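Novice: Structure incoming, see below.
Every read-out reported here was derived from the displayed coordinates using simple, explicitly stated rules and does not represent laboratory data. If you're wondering where the values come from, they're calculated on a predicted model, not measured in any experiment. Positions of Cβ are generated from backbone atoms using ideal geometry, with glycine treated the same way; all protein chains shown enter the neighbour counts.
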Amino acid sequence: MDLQFTPEQEAFRQEMRTWVRANLPADISHKVHNALRLSKDDMQRWAKILGAKGLHGYGWPKEFGGPGWDAIQRHIFEEECAMAGSPRIVPFGPVMVAPVIMAFGSPEQHQRFLPGIMSGEVWWSQGYSEPGSGSDLASVKTRAERQGNKYIVNGQKTWTTLGQYGDWIFCLVRTNSEVKPQAGISFLLIDMKSPGVTVRPIITMDGEHEVNEVFFDNVEVPAENLVGQENQGWTYAKYLLAHERTNIADVNRAKRELERVKRIARAEGVYDDARFRDQIALLEVDVIALEMMVLRVLSAEHGGKKALDVAGLLKVRGSEIQQRYSELMMLAAGPTSQVFLQEAMEAGWQGDQFAGGFPGGNLTAAPLAATYLNYRKTTIYGGSNEVQRNIVAQTLLG
Amino acid sequence: MDLQFTPEQEAFRQEMRTWVRANLPADISHKVHNALRLSKDDMQRWAKILGAKGLHGYGWPKEFGGPGWDAIQRHIFEEECAMAGSPRIVPFGPVMVAPVIMAFGSPEQHQRFLPGIMSGEVWWSQGYSEPGSGSDLASVKTRAERQGNKYIVNGQKTWTTLGQYGDWIFCLVRTNSEVKPQAGISFLLIDMKSPGVTVRPIITMDGEHEVNEVFFDNVEVPAENLVGQENQGWTYAKYLLAHERTNIADVNRAKRELERVKRIARAEGVYDDARFRDQIALLEVDVIALEMMVLRVLSAEHGGKKALDVAGLLKVRGSEIQQRYSELMMLAAGPTSQVFLQEAMEAGWQGDQFAGGFPGGNLTAAPLAATYLNYRKTTIYGGSNEVQRNIVAQTLLG
Amino acid sequence: MDFDFTSDQEQLRDVVRRWVDKDYDIEHRRALVKAGGHAGADASGAWQSLAELGLLGLAVTGEHGGMDMGPVEAMVVMEELGRGLVISPYAGAALMGAGVLRDHAPSELQAAWLPRVAEGTARVIPALQERGARYRLSHVSATAQKGADGAWRVSGVKNLVAIGGDDGVAEAYVVPARVSGAVDAPEGIALFLVERGASGLKAQPYALLDGSRAAELTFDSAPAALIAEQGFAPLEHMVDIGIAALCAEGVGAMESLLALTVDYMNTRKQFNVLISSFQALRHRASDMKMQLELARSMSYYATLKLTAPADERRRALAQAKVQLGQSMRFVAQQAVQLHGGIGVTEEYAAGHFFKRLTVMELSLGDTMHHLGEVSARMQDSAGVFA
Amino acid sequence: MDFDFTSDQEQLRDVVRRWVDKDYDIEHRRALVKAGGHAGADASGAWQSLAELGLLGLAVTGEHGGMDMGPVEAMVVMEELGRGLVISPYAGAALMGAGVLRDHAPSELQAAWLPRVAEGTARVIPALQERGARYRLSHVSATAQKGADGAWRVSGVKNLVAIGGDDGVAEAYVVPARVSGAVDAPEGIALFLVERGASGLKAQPYALLDGSRAAELTFDSAPAALIAEQGFAPLEHMVDIGIAALCAEGVGAMESLLALTVDYMNTRKQFNVLISSFQALRHRASDMKMQLELARSMSYYATLKLTAPADERRRALAQAKVQLGQSMRFVAQQAVQLHGGIGVTEEYAAGHFFKRLTVMELSLGDTMHHLGEVSARMQDSAGVFA
């Protein structure tokens, strides 16, 4: 039992740290460190930088062009990226669909899709949720009817994150409604430029356009875009979910944001207020406990021992912590957090029309309430925390 | 809308305050204010003092020898008793069985049982819970078979509070097992000195003998001890539960104990510790909010308007607050709370064998942990808080 | 000890509720928010309606044309405005601004302004927030000086001046400014009235996160009328009136939001059953009801303590805001959680309630601030009548 | 970065667990508690068993006949003792007392005591708690004076000296006493060893709420051997060893209690169904599991930080105790609640776990105390490796 990384791992960390800091554009990391608005270009610029180094798919095995890292190396890389202020990798391509294509796709699909994902050129979206499906993903209603060598897709997906930028979307579609729900689902890759695909924004309460509805109206999809076998899609979907793993807790970002909480508290004059500081201290304990739990999972995975059964716990705790730090930041800035200037969330805005640059407070307060609002999603998406508790309870109690 | 009591109510309060302070024995109030152990004699002495004034049944109407007070007068009286440090009235006689006897008993039963309850001479116990029944009170298994002019009772009751002192016990018994559970229950009054009644102590984790098992082995009960009609007992039981009303929140005691929290915190040197004091401040807000909620219920009751539907809330919140103040007191005394000297919970104990009277701390710490342990019951008994939440949810959601 | 409303109060409630139900549904509100402050001086028409309903003179004495009503009537109105999520500077203008003039201004100032307040032609709105002050009322760095001509002039910057749904509609502001003492001293703060058109006054409006509008006011030797030279006690009083109003508004908003959530739970299916059948969610709804009723209890308490002596009043209002802060946060967060995805959208009403409840926690002292007040003002005795 | 146990460590765990399962069931424990301290010097036989298992020399170096094991092995043993709810001064004697001698005592004192510690013939137990000190280690009013003969003598009163299941069994005590400075100063505190039979030492035993025994020790110019003249840092180190041990014991106890609760939920019926079918209760069990796993994570952290530099160590141990305090309280309270009535009885095991977990929160600094430590020691950076 040892809390230290090995010298090799430490060397790896140094290497990654050096590379990330040398290659992450300063304007992007400035935005990330201050929760300013990231453009599509910001995200894709970083994806392509990673891609050029063969790291956009940093979790990929060597045979598919990835670095072939183990779980701890991946964690170290994620940590270095997070602490340096790089944007989260948009996961739908490299983290979600790519492993499914690797595991269940044909060699032709490997060749056709994986390079574009790795390079960051092709933007993928996720087509899982449907209106009314919520946490019940198997209730897929979007139909795909086989007609010769193509499928005709009709239906609707929703909550498609960043779908407005999507080139391709991977979808669960119903190919058989005669059997029980799980048994009639297929996994289909759809070109979003196909006729009949419409993307419509959903504006969230923070005023942002982050999620979308995607409509399919007689969309023709070549049969070669079916991954694996027809009606076996649920198996692949579960494989994908299992693949999301430890980063679900997003503890590295939590560490960076906890540091930001402290910076904001200091700037707002409450870092030395005992009452407020206690709240930071409690959060600090929460973050360290979460990080230790993540490290335990990594260690078990790395050691090849039987996996720790705490995935549901990681999601629940990680999301609660995200909500708490966003809330604490907002409370740190106090009354000023009420100010809601969309333009102040753009990098470079200086607020010259106001007497002190930002109404009544510091410019760092601009995105705080928006983030607090935005993070209400974290306990809902990816399997709501209620569903996660069901899963944990099932393991405990049968 | 008015927070003040009327001049008449204030005068009534003064009258009660004067009477209680003049008549409550100082040795008893000392024990209550310091959570020291009350003997049977302490409890009965106070009951008889109340009885002599016609106030042991202070909630009774005039026709049965009570004072005929309204809800607000009852509340004021309860508050004056609580703040003066009088023991809680043992409710099984005057608060529980008496209203059932008044409402559903025969004139003979009125005459036979009510005077002894009012005077405090006859100690009543409650025979509701059975092993395994928990919150499911209708699952009564104790049988009463009619044989001529008597019932033969067999079975077991449990969690009988202070049953070791009981002269009489009121029981839910099954008189018909052919019908659905609620329909075959009768309400029987049983002399605990009858042959075949055995009382066995249950020791709780605080080391106290407060609750009991009561066994019935072919106990003969005269049929005249049946209240109301055979197989109608569930109706009477529900009437009884509805009668427990607002005092279920026990807010007056909470106020007294909150004052005690502050005294203890001051004695232990944490009253001016910001971190600890904040916890008291939070509890203070909780207590005031609870008191306001109780006052709202009383006002609605008094005004004859439709009752506020918050009974379940009062029980849940009242019990949570009881647990919290017992916990805070224990935390105030800190390490000293670990000391568990049964003898130090008797009034008059001085601890001369120890260097400072009480090992490592103040004598006031003696009962703190015991009370904390004892109060775990408050969220379990009287319909567990989970059951109360079910009830509230039923009202909200159907 | 009586918590019934009089029939007049019930009627008042009905009047406001009917207006809200008829003219101020969530679609209307969303349109207002979308238009921001660019839709003109009274885009919502709400102020006009409130005037027509006679509500703007609620806190104005009869001699100045008002209805001379008390805190309970104010609470009734605020509950209904909260229930309807009405964007309005009603609390600031009709309760706080009018209240401080009524209780603390010289009679000629009252005569000049209160009739206009009552008839709806003048809003007098508090301008309190300074940079770095957080929730400390004594943190005043704006200054006031009396010229040789005996006239006062105010300089400084005030922020988060809540002007409701539209820009620049206040006719005057209540401004604390320092005539002596250090920046955080309660002594040396006077209260002034500064008119909208005063020379040296500049207003810069912006949006708040709940869709309402606020302004930054810059005073550069702006001519001002003195409300009270010993201004700190009146300032505290005015803020307490505002806190009580927020409490009542919070109760109304939580009541609506709980009802919305209950409806949703009885409509929405997951795994082929209504989500209202899941016990864990049922208990959550029950906990929301608990928080609502605790909050309502403390809102009554706040309102009924408004007329108590200053010490007792301040303590009670802080206690109430601690309860409301906790309740509003819990109810808002759980309502969104129980709704799931739709709860976080701009399209659906729950998110708008969430935002308004969040703003209310951050207004006039958040929960931590008021917990500090409760702690500092704690007494040996306990309870409502302590 | 590796959280696997070695096979030696797993073997150690098996040894302790087998002994607990075989010789230390809840009935055995209840009998011990009932007998109080009146059953003789080693009523439980537990100490003898621990000696036979070789566990008493765990922290003693090889040269003094010990096993020279480290914090991880100590954690393994404590987890198992916690799981079995073993009443024992093991942590105090074999880890804290032995540890402070090993790391901070002069070699002749080590040679005199450590071999006896390892073979089980001497328990050396910390005697720390003073009246009014609460959890402040620097609050030492006991005094030590060096006589003309060069010998030290200690005077003062120490309390809550945890002597395990029996009375008066410690052969010596580790006693902080002041040689200079004010009552709360970290400077001027020296650490001494005082033997059981020392003149002027009086012990008065009593029960703690978890059924274990403690004593009040009165020192009246009792002869003492100096462990460390600069005693505060060693004292902190010893206490941190104790905190790590408590954390591990807490994890073991919570694990048992959760298992007991899960079993009960799958046995007990209400309204004709198993109570494990109620979603609200299922989620509660899930939250207990969460708290257990967070606690286990922080117990590992505490143990692995024991060898870090003092500042880093103290901060980490405080963080761990905050987590454990919260977890232990939640798991204990919810376990009893989920059991219902039977949970509060002396007869059933849940209540005994509840009491032990309560004592652990109140030992070596409660949650509020350590939150203060975390807050005071906070750094700009964040995380396990910060």
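Novice: For region B:29-40, in order, what is each residue's ³J(HN,Hα) by Karplus, 6.51 cos²θ - 1.76 cosθ + 1.60 with θ = phi - 60°, in whole Hz (x at glycine and Pro)?
Specialist: Result, rounded to whole Hz: 5, 4, 4, 5, 5, 10, 6, 7, 6, 9, 7, 4.
Novice: Another question about this same structure. For A:GLU320 and A:TRP19, calculate 0.36 nm times their separation in residues minus their Cα-Cα distance, and state this gained length in nm to one decimal.
Specialist: Working it through step by step, the gained length comes to 105.2 nm.
Novice: Moving on. Taking each pair of different alpha-carbon atoms in region A:250-397 once, compute 1/r for the pair, average those values, and report the inverse of that mean as the Kirkwood hydrodynamic radius in Å to one decimal.
Specialist: 17.0
Novice: Let me ask you something else. Under the classification rounded if a/c is under 1.5, otherwise prolate if a/b is larger than b/c and oblate if not, where does region C:7-119 fall, given a ≥ b ≥ c as square roots of the Cα gyration tensor eigenvalues?
Specialist: Since a/c reaches 1.5 but b/c is at least a/b, the shape of region C:7-119 is classed as oblate.
Novice: Further question on the same structure: Dipole of chain D, Cα-centred, from +1 at each Lys and Arg C-beta and -1 at each Asp and Glu C-beta, to the nearest 20 debye?
Specialist: Once rounded to the nearest 20, the dipole reads 1120 debye.
Novice: Taking the Cα atoms of the protein assembly as shown, what is the range of coordinates along each of the three principal axes, in descending order and whole Å?
Specialist: 84, 84, 83
Novice: Charges at C-beta only: +1 for Lys and Arg, -1 for Asp and Glu. How large is the resulting dipole of the protein assembly as shown about its Cα centre, in Debye rounded to 20?
Specialist: With only Lys, Arg, Asp and Glu charged at Cβ, the dipole is about 1300 debye.
Novice: 7 Å along Cα→Cβ for the label point: how many nanometres lie between A:HIS30 and each equivalent label in the other copies, listed shortest first?
Specialist: Nearest first, the other copies' label points are 7.5 nm away.
Novice: Between the alpha-carbon centers of region B:175-221 and region A:272-298, tell me the distance in whole angstrom.
Specialist: A separation of 52 Å, based on Cα centres.
Novice: I've got another one for you. Kindly give the distances from A:THR395 to its copy-mates, label point to label point, with each label point 7 Å from Cα along Cα→Cβ, as nm values to one decimal ordered shortest first.
Specialist: When each copy's label point is compared with this one, the spacings are 3.9 nm.
Novice: Whole Å is fine, so just give me how far the alpha carbon centre of region A:23-85 lies from that of region D:67-116.
Specialist: Between the Cα centre of region A:23-85 and that of region D:67-116, the gap is 47 Å.
Novice: With the cut-off at 1.5 for a/c, could you classify region A:171-256 from its C-alpha gyration tensor as rounded, prolate or oblate?
Specialist: In terms of gyration-tensor shape, oblate.
Novice: Tilt of helix A:107-119 relative to the longest C-alpha principal axis of chain A, in degrees (0 to 90, nearest 10)?
Specialist: Approximately 20 degrees, to the nearest 10.
Novice: Still on this structure: Please enumerate, by chain and number, the aspartates and glutamates with C-alpha under 17 Å from the C-alpha of C:LYS202, excluding those fewer than 8 residues away in the same chain.
Specialist: By straight Cα distance, C:LYS202 reaches A:ASP352, C:GLU130, C:ASP166, C:ASP167, C:GLU171, C:GLU216, C:ASP220.
Novice: Past 22 Å, Cα to Cα: identify those pairs from B:LYS315/B:LYS377; B:LYS157/B:LYS377; A:LYS255/C:LYS355; A:LYS305/D:LYS321; A:LYS31/A:LYS255; C:LYS269/D:LYS269, in the order given.
Specialist: In this structure, A:LYS255/C:LYS355; A:LYS305/D:LYS321; C:LYS269/D:LYS269 lie more than 22 Å apart at Cα.
Novice: Continuing with the same structure: Rounded to whole Å and sorted largest first, list the principal axis extents of the Cα atoms in chain B.
Specialist: 69, 54, 47
Novice: Please give every one of the lysines within straight-line cross-link reach of A:LYS150, meaning a C-alpha to C-alpha distance under 19 Å, and leave out same-chain neighbours fewer than 8 residues apart.
Specialist: Correct list for A:LYS150: A:LYS141, A:LYS193.
Novice: Is the shape of region A:251-330 rounded, prolate or oblate, going by the alpha carbon gyration tensor and its root eigenvalues a ≥ b ≥ c, with a/c under 1.5 for rounded and a/b larger than b/c for prolate?
Specialist: prolate
Novice: Place +1 on the Cβ of every Lys and Arg and -1 on the Cβ of every Asp and Glu in region C:85-172, take the dipole about the Cα centre, and give the residue among C:SER138, C:LEU95, C:ALA111 whose Cα lies farthest towards its positive end.
Specialist: Highest projection toward the positive end goes to C:SER138.
Novice: Among C:GLY242, C:GLY57, C:VAL124, which residue has its Cα furthest toward the positive end of the charge dipole of chain C, with +1 on Lys/Arg Cβ and -1 on Asp/Glu Cβ?
Specialist: Result: C:GLY242.
Novice: What is the angle, in °, between the Cα long axis of helix A:311-333 and the longest principal axis of the Cα atoms in chain A? Nearest 10 is fine, range 0 to 90.
Specialist: With rounding to tens, the tilt is 40 degrees.
Novice: Could you sort the peptides D:251-260, D:145-154, C:114-123 by per-residue average Cβ neighbour count (10 Å cutoff), highest mean leading?
Specialist: The peptides rank, most packed first, as D:251-260, C:114-123, D:145-154.
Novice: Follow-up. Label position 7 Å from Cα toward Cβ: report the copy-to-copy distances for D:ALA233 in nm, one decimal, ordered from shortest.
Specialist: Shortest to longest, the spacings are 5.9 nm.
Novice: Can you divide the C-alpha Rg of region B:124-233 by 2.2 N^0.38 Å and report the result to two decimal places?
Specialist: The value comes to 1.02.
Novice: Since chains B and A are linked by a rotation, which residue in B has the beta carbon closest to its axis, and how far is it in Å?
Specialist: Here the value is B:ALA274, 3.
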